[in-house]
Amino acid sequence: MVKLEDKNKSKKESKLFYYLQFFLDILIILLGYYLALIIRFNSPFEIEKQFGIFFNICPYIIISSLIFIYFNRTFDVVYRKYFELIYSIFLMLILIQISTMAITFLTRDFGFARSIFFISFIIQFIGFAIFKDISIRIYEKIYGKKNLMVVECLENSDSIVSKIKSERNFNVKYVLDTYDKKKANEVNAIAIGCNVDRETKNLIIDDFMRQGKTVFIVPDFPEISIHKSNLNNFDDLLVFEMGTYRLNFEEKLIKRISDIVISLIGLIVLSPVIILTAISIKIYDGGSVLYKQERLTFNKKKFTLYKFRSMVEGAEEKTGPALAKDNDERITAVGKFIRSTRIDEIPQLFNVLKGDMNLIGPRPEREFFVEVFSKNIPNYNLRFNVKAGITGLAQVNGKYTTNPEDKLKYDLIYISEYSVLLDIEILVQTIKVMLMKVSSKGE
């Protein structure tokens, strides 16, 4: 059995594990192409020709692999479920195959046989599946599971506990509403809820940090704000200079230009899907293809949001404003499919072109719900410091069922940490989320 102190490895050791995963991921991708060439060709002349092409484009494959590995985080086997990891690998390999095809086209190496892509994909996918399974087993053997204590008022602790139990690397040993130092000696990680008072938080952090144990904090608004604050001082007084939760002129300009370009490309590429969806909705019940609804965006400005209609006509005439629920009877058969695949959101690309929305940002909400949430959730109105978005950090990290408070935290983190790189990462992750049914379930 691994000793308790051996489980608390330093950050350098953890990073070494990640770097090794990164390196071996690229090696598997290159090895997949190499073996595919050997399997596909028997003629020495043809093999030599294909290998020549392969080695010429190898640097480009490595660069594209680095990008897609980073954005799909296939190197992270510690905090991800195996199925989710394999799913990310599947999407990553598809993107790598597409980018490699594009590379061979742009470099005019047309001799790279197209069957190579199919064979290499199979080899790479099997290789990744085996390698990641072995990596997970090795990590668990070396580091073991962390025994964890949850400190939170009992009425709110169930939500935290259920989410921690879904993780592979933690064993919830104690759930307490007050901190117990004696029991704390029996665990090597702790999760602190939002409602724990500051004095108790300070005591827990002091105890656990001194012993090199892991501390997880469910953040409230001040803690989120400090997360990206700048270190400053007044004379010898240390202060944190908090951000304004707004984008500057340069960030808005870059965002607007990229939104227009990506939206136009998206509408062109997705035009067959748009046409087929419109026809399907019309044939199903003869109703309107588009659903139009008033939503709020930057500075609570009202705009008309477009979606493909997924519910029966006049769905809210009797109920009034109501969030969609799991197995909602108002959703049509066609609607279930386009909602689960997020196809119903595609018309919002026109909203982006009009300037009502961004591609990435907090999801636009109806005025009715905004009024309710603003009264009950502190700092909720800060999400209107940027334009609404088709997708966002809350959408790729949460689900439809994620509560508004937690979605707001993701929205505020996104605004405070905005970067072009973050936007690209969210777009890549959105592709994965679009195909995951659990992310599209009801209220």
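Putting +1 on Lys and Arg Cβ atoms and -1 on Asp and Glu Cβ atoms, find which of I126, Y410, I262 reaches farthest to the positive end of the dipole of the chain.
My answer, from the dipole projection, is I126.
Taking the simple approach of a point 7 Å from Cα along Cα-to-Cβ for both K141 and R168, what is their distance in nm?
1.5
Identify all lysines with a Cα-Cα distance to K15 below 16 Å; exclude those on the same chain that are fewer than 8 residues away in sequence.
K7
In whole angstrom, how long is each semi-axis of the equivalent ellipsoid of region 132-258, when you take the square root of 5 times every eigenvalue of its Cα gyration tensor and sort them from largest down?
Gyration-tensor ellipsoid for region 132-258: 33, 23, 16 Å.
Mind running the shape call on region 145-218? Use the C-alpha gyration tensor, a ≥ b ≥ c as the square roots of the eigenvalues: rounded below 1.5 for a/c, prolate if a/b tops b/c, oblate otherwise.
oblate
If you average the C-alpha positions of region 202-251 and of region 114-155 separately, how far apart do those two centres end up, in angstrom?
31
Just want to confirm a number: the relative contact order over the chain, from Cα pairs under 8 angstrom separated by 6+ residues, in percent.
Reported as a whole number, the value is 12 percent.
Set the Förster radius R0 to 51 Å, insert the Cβ-Cβ distance between I283 and Y18 as r into 1/(1 + (r/R0)^6), and round the FRET efficiency to 0.05.
0.55
Of all DSSP beta bridges in the chain, what percent run antiparallel (nearest 5)?
45
Compute the length gained on full extension between L422 and N403: take 0.36 nm times their separation in residues and subtract their Cα-Cα distance, giving the result in nm to one decimal.
4.6 nm
What Rg and what Dmax come out for region 249-440 when only alpha-carbon atoms are used, in angstroms?
In Å, with Rg to one decimal and Dmax whole: 16.2, 47.
Show that you can apply the helix-only estimate: for the chain, add -39,500 (n - 2.57) for every DSSP H stretch of four or more residues, divide by all residues, and state [θ] at 222 nm to the nearest 500.
Roughly -18000 deg cm²/dmol at 222 nm, from the helical runs in the chain.
Identify which of the listed values of semi-axes √(5λ) of the Cα gyration tensor in Å was calculated from the structure shown: [x] 38, 35, 22; [y] 50, 23, 19; [z] 43, 24, 21.
It is the one labelled [x].
What size of dipole, in debye to the nearest 20, comes out for region 93-252 about its Cα centre when the only charges are +1 on Lys and Arg C-beta atoms and -1 on Asp and Glu C-beta atoms?
980
Treating only the Cβ atoms of Lys and Arg (+1) and Asp and Glu (-1) as charged, compute the dipole magnitude of the chain about its Cα centre; round to the nearest 20 debye.
780
In a GNM of the chain with a 10 Å cut-off on Cα contacts, which of F216, F249, F118 has the highest mean-square fluctuation?
Top of the fluctuation ranking is F249.
Which links in K407/K432; K141/K182; K307/K336 stretch past 24 Å when you go from one Cα to the other?
Correct reply: K141/K182.
Stretch I130-I275 to full length: gain in nm at 0.36 nm per residue minus the Cα-Cα span?
Going from the current span to full extension adds 48.2 nm.
Only the coordinates and a few stated rules stand behind these numbers; no lab work does. Here the structure is a predicted model, which is why all the values come from computation and not from measurement. Positions of Cβ are generated from backbone atoms using ideal geometry, with glycine treated the same way; all protein chains shown enter the neighbour counts.
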